[in-house]
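Notes follow once the structure below has been shown.
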Amino acid sequence: MPRGKNKIAIDPFSKKLSGASLPYAVMLMTLLITSLTLLLFVVYLYRSYIIKLECKQIAALNLKSAQQIALAEETDHSLNNRQIFSMNNSDNDTVILERELWGCYTLLKTFVKFSGEERQSVFFAGNYYSTDSLTSLRISSTGTGLSLVGNCMLTGKVVVPKAQVNPGFVGNISFTGDTLVHGIISESVGDNPPVDSALKKNCSFDFYRLLLNNNFDLDIVYGSLARYDSLYRSFYSPPLYLYSRDELTINNVKVHGHILIFSESRIRLSANADVEDVVIVAPVIKIDSGFSGSVQCIASDSILCMKGSKLTYPSMIGCGLRKEKDIEGESMPVIIFEGLLEGTIICESYGTDTKKASLIIGKTGKVIGLVHNTGYTVLMGKIYGSCISRGFLYQDPVTLYENYLVNSEINPRKIPLGFVAANSIRNNHVLYRIMKWLY
């Protein structure tokens, strides 16, 4: 066949083939470009997600680091202060630490910011006590040796005058236990350690009276909190102060958070009061039978905790603490405790009547935690933890016995694992730990 005819036969076919393939080529290119664009977009989203996840993880790690710094630096930066750390000289990488005393507990706030991610936490902190580190009982060396009567049980390290623990007699009652001390007996030397000055200042009635007298942002209350259905204040916010000149009853109301209630007269916590993490300050405080809640009670004259009351962890009772010198001739503060306390009792004794008990733990009284009394204690109940006292008294109808324990128990080995409490003694060698997370 001639070559020209061959071209004529093939060229139209070739043109028809090229024209038919063009739409497919365009579609293929469009699909390829779209796929590449989607792939790049997915890679961008994934990378953004990874970067954001890394920022969140770094912010969370920075928050944990800030918490550890706040706990570790307890002795290096003072209470009631605020510190800001800018990492790499950047406002986008910041750590803020705040510390203050709330009652007798240290309140720590941490805030971190990293590349737009923000994290914060707030918690009570205190000193960690293991069963091995706690002294069961410590009595000032100025008194006599310790006598045990009835079914007394002492466990752990006991520090007493002349290292003497003997069976005793009260009337016709003798020691009925199998062993005087299940542990070690050591001799006490000198006076007991005093209550830590910073804690003492922040747990005194006078301190809070002065604080509120200089504070114009007070909520004045009269007689009760009946006009409130509930009160809540976050610990991330400044505290709410409630003030009353007269006797105040907390009844049928929910009060939670960063709140301080102060009365110039007397405060009563009734059985149906719902109170959590609140500080109560008054000359006289009464806690009714049936009350249950976490509270710090600070009184100048007396605190009465009735049988059947329960102060949950981490609660505190402080009485008689003052930042000024003792007033000569003033009556001695007294704590009478018949309920259950999970936390700390601190009582400072003063006045001229030295042979009078400033702390009475009755037969139904049980303390799971720490007791620090600079005066004399009457112990008829149980302390699962540690007790520091000038001495112990027991009174029958005829005789007052000094350094006598009758039908009582002190056992630090029954304290809960990981127990954290306020340090009533300045001791920089104890471990500082988180006590309770707040909100």
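Where a number appears in this text, it was derived from the coordinates with a stated rule and is not lab data. Bear in mind the structure is a predicted one, so any value in this text is a computation, not a measurement. In this analysis, Cβ positions are derived from the backbone assuming ideal geometry, glycine residues included, and neighbour counts consider all displayed protein chains.
Mind listing the long-range amide H neighbours of K436? Cut-off is under 5 Å, sequence gap 5 or more, other chains count too, H placed in the peptide plane at 1.01 Å from N.
For K436, whose amide H was placed from the backbone, the distant partners under 5 Å are F124.
Per-residue HN-Hα couplings for the range 139-144, Karplus 6.51 cos²θ - 1.76 cosθ + 1.60 at θ = phi - 60°, whole Hz, x for Gly and Pro?
With the stated coefficients, the range 139-144 comes to 10, 4, 6, 6, x, 8 Hz.
Evaluate the distance, in nm, between pseudo-label points positioned 7 Å from the Cα of L210 and of Y439 along their respective Cα→Cβ axes.
That separation, rounded to one decimal, is 3.5 nm.
Count charges around K56 for me, please; just the other residues with Cβ under 11 Å from its Cβ, Lys/Arg as +1, Asp/Glu as -1.
Working: positive: K52, R119; negative: E54, E117, E118.
Computed value for this residue: -1.
How do V181, V26 line up, fewest other C-beta atoms within 10 Å first? Don't skip to the end; give the middle numbers.
Values: V181 21, V26 10.
In order of increasing Cβ crowding within 10 Å: V26, V181.
Under a point-charge model restricted to the Cβ atoms of Lys and Arg (+1) and Asp and Glu (-1), what is the dipole moment magnitude of the chain relative to its Cα centre, in debye to the nearest 20? Walk me through the numbers before you get to the answer.
Values: 43 positive and 39 negative charges, 480 e Å.
That gives the chain a dipole magnitude of about 2300 debye.
Using the Karplus curve 6.51 cos²θ - 1.76 cosθ + 1.60 with θ = phi - 60°, what ³J(HN,Hα) values do you get for each residue of the range 37-43, in whole Hz, with x for Gly and Pro?
3J(HN,Hα) across the range 37-43, in whole Hz: 5, 4, 4, 4, 5, 5, 4.
For semi-axes √(5λ) of the Cα gyration tensor in Å, the listed values are [x] 69, 26, 20; [y] 31, 24, 21; [z] 36, 25, 21; which was obtained by calculation from the structure presented?
Comparing each candidate, only [x] matches the computed number.
What list of ³J(HN,Hα) couplings, whole Hz, do you get for the range 247-258 from phi and the Karplus terms 6.51, -1.76, 1.60, once you set θ to phi - 60° and write x for glycine and proline?
Listing the rounded values in order: 4, 10, 10, 9, 8, 6, 8, 9, 10, 10, x, 7 Hz.
Ranking L22, L108 by Cβ neighbours within 10 Å, fewest first, what do you get? Could the numbers behind the result be given before it?
Details: L22 9, L108 25.
Ordered from fewest to most neighbouring Cβ atoms within 10 Å, L22, L108 come out as L22, L108.
Using modelled backbone amide H atoms (1.01 Å from N, in-plane), which distant-in-sequence or interchain residues come within less than 5 Å of F291's amide H?
Under 5 Å from the amide H of F291 lie the amide H atoms of K310, each far enough along the sequence or on another chain.
7 Å from Cα along Cα→Cβ at both I96 and E276: what's the point-to-point distance in nm?
The modelled label-to-label distance comes out at 2.6 nm.
Just list whichever of K286/K356; K307/K382; K200/K355; K356/K382 have alpha carbons separated by over 18 Å in the model shown. Walk me through the numbers before you get to the answer.
Details: K286/K356 21 Å; K307/K382 14 Å; K200/K355 23 Å; K356/K382 20 Å.
Those over the limit are K286/K356; K200/K355; K356/K382.
Express in whole angstrom the spacing between the alpha-carbon centres of the range 275-308 and the range 138-187.
Answer, in whole Å: 31.
Put a dot 7 Å past each Cα toward the Cβ at N81 and I220; how far apart are the dots in nm?
Distance between label points: 3.8 nm.
Could you calculate the contour length gain from Y49 to N151, that is, 0.36 nm times the residue separation minus the distance between their Cα atoms, to one decimal place in nm?
Details: separation 102, 0.36 × 102 = 36.72 nm, distance 6.67 nm.
Gain on stretching Y49 to N151: 30.1 nm.
Taking the Cα centre of the range 132-264 as origin and charging only Cβ (+1 Lys, Arg; -1 Asp, Glu), how large is the dipole, in debye to the nearest 20?
Working: 10 positive and 12 negative charges, 18 e Å.
Its charge dipole is roughly 80 debye.
Considering Cα pairs under 8 angstrom that are at least six residues apart, work out the relative contact order of the range 381-439 and quote it in whole percent. Intermediate values should be presented prior to the final figure.
Values: 52 pairs, mean separation 19.2, N = 59.
Relative contact order comes out at 33 percent.
Can you give the extra length, in nm with one decimal, that the chain gains between K64 and F169 once fully stretched, where that is 0.36 nm per residue apart less the Cα-Cα distance? Intermediate values should be presented prior to the final figure.
Numbers: separation 105, 0.36 × 105 = 37.80 nm, distance 5.60 nm.
Length gained between K64 and F169: 32.2 nm.
Out of residues 5 or more away from L393 or on other chains, whose amide H comes under 5 Å of its own, with H placed 1.01 Å from N in the peptide plane?
Sorted by chain and number, the residues that satisfy this are T377, V378, L379, N403, Y404.
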